[in-house]
Amino acid sequence: MLGKKVAVATTVLMIGTVIANVIGFASMIIVARHLAPEDFGLAITALAIVLIIGALTDLPVSTSLYHLKTPSDDDFNTAWTLSLLRGLVAMLVLLAMAYPLSALYEDARLVPLIAALSIMPLGFSLRSMYFERYAMDLNFTPSIVERVFQKLASALTAIAIATTTASYWAIPVSMIVASFASLLITYVYAPRLPRLSLKSFKAIFGYSIWLSLAGMFNAITWRIEILTAGKLIGPAGAGYIGLGAQFTSRFREFAVGPIRQSLFSAFSKMQEDPARLRVAYGASMATSLALLAPIGVGMSLLSGSIDAGAHFSPK
């Protein structure tokens, strides 16, 4: 029964993820065609800095709710409070580092870009924690609505700014809009106002800190090439690398994200049965490899065609 629910949940997630990524993919191409590579690279460099700092200060408290059998209001309130504190810390760190980082890259435009993007972690941190109840029950329809709405709001914003002004601000403003669009949907589905509380601090923090360390490593490895390119070969080089990274991340999000999200919810229900969890984990890894390996090969074979179809503005 659980296996069937996981299969259905994964299918729903994949369909929704395809829709969201088609929107993001199309908007990325349109924006790239209206921006010079150095402008795209500048915005992507600023975004990479924000995402890495966000990951270094991240505390995935919403995920920690999954390992609790029946989360209480105190658990949800504590998770929201810790998320809020984390968002404020990330914002303050980014504001403090905006000028030093602009000096490192020798580009004063990074100061307002990083300062504006510092709002993004705060937007995501204010999400309704009660929204996670849907995913805990393997009901991912609200998550898909959130993802599609977020991508649509971001895409419309980016396209509008890029086509009317050809400004690199299209990317950071669209990301800020995305964070608050996501925030809005979580409260539409879970309209319960949280309270400041740390009553469940030990249970929530003790679990999420380990996930935070893993997230730090992943974020750094995924973004370090853009930061390195921005420093060594300039914004234009970072722009080309960033555009390529956007393509691969879209495919990774489509292929890996739904499987990982549905399996995480399913595995959380097996935590008291290690033998069953071990068997389910092995089977899921074999199935995932069978699905993902052909996608990776296909991306390599189609790389030339993708490169021919997407390019920057010639200006």
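The values are calculated or read from the model by the stated rules, or taken from the named source; none is laboratory data. It should be emphasised that the depicted structure is a prediction, and the values quoted were computed from it without experimental measurement. Don't worry about glycine lacking a Cβ; one is built from the backbone with ideal geometry, like all the others, and counts go over all protein chains shown. Remember, those area values only see protein heavy atoms, side chains included, never the ligands or the DNA or RNA. Shrake-Rupley method; radii C 1.70, N 1.55, O 1.52, S 1.80 Å.
What's the total number of residues in region 29-43 that are open to solvent by less than 10 Å² (accessible area, probe 1.4 Å) and in a helix (DSSP H, G or I)? Show your work before the answer.
Keep residues of region 29-43 that are open to solvent by less than 10 Å² (accessible area, probe 1.4 Å), which gives 31-32, 35-36, 40-43.
From what is left, the residues that are in a helix (DSSP H, G or I) are 31-32, 40-43.
Counting residues in region 29-43 that are open to solvent by less than 10 Å² (accessible area, probe 1.4 Å) and in a helix (DSSP H, G or I) gives 6.
Being farther than 22 Å from Ala43 by Cα and under 17 Å from the mean Cα position of the chain (by Cα) narrows it down to one residue among Pro172, Pro60, Pro71; which is it?
On the way: Pro172 fails: farther than 22 Å from Ala43 by Cα; Pro71 fails: under 17 Å from the mean Cα position of the chain (by Cα).
One residue alone meets the criteria, Pro60.
Could you list, in sequence order, all residues of region 137-169 that are among the hydroxyl-bearing types (Ser, Thr, Tyr) and under 14 Å from the mean Cα position of the chain (by Cα)? Break it down into steps so the answer makes sense when it comes.
Of the residues in region 137-169, the ones among the hydroxyl-bearing types (Ser, Thr, Tyr) are 141, 143, 154, 157, 163-165, 167-168.
Within region 137-169, Ser143, Ser154 meet the criteria.
May I ask you to verify whether Ser72 is surrounded by fewer than 16 Cβ atoms within 10 Å (Cβ to Cβ) and among the hydroxyl-bearing types (Ser, Thr, Tyr)?
Details: surrounded by fewer than 16 Cβ atoms within 10 Å (Cβ to Cβ): yes; among the hydroxyl-bearing types (Ser, Thr, Tyr): yes.
Yes; evaluated as a whole, the condition is true for this residue.
Scan Pro112, Pro121 and give me the residue that is free of Cβ contacts under 8 Å to residues at least 24 places away in the same chain and either crowded, with 23+ Cβ neighbours inside 10 Å or out of contact with any Ser or Thr (no Cβ under 8 Å at 6 or more places or on another chain) (or both). Break it down stepwise before answering.
On the way: Pro121 fails: free of Cβ contacts under 8 Å to residues at least 24 places away in the same chain.
Unique residue meeting the criteria: Pro112.
Could you say which residue among Phe149, Phe124, Phe140 is of a type in the set (Phe, Trp, Tyr) and farther than 30 Å from Glu38 by Cα? Steps first, answer last, please.
On the way: Phe149 fails: farther than 30 Å from Glu38 by Cα; Phe124 fails: farther than 30 Å from Glu38 by Cα.
Just a single option satisfies the conditions, and that option is Phe140.
Condition first: open to solvent by 30 Å² or more (accessible area, probe 1.4 Å) and without any contact (Cβ under 8 Å) to a residue 60 or more places away in the chain. Now tell me which residues in region 146-155 satisfy that. First the steps, then the outcome.
Within region 146-155, the first condition is being open to solvent by 30 Å² or more (accessible area, probe 1.4 Å), and the residues that meet it are 147-152.
Result: Phe149, single match.
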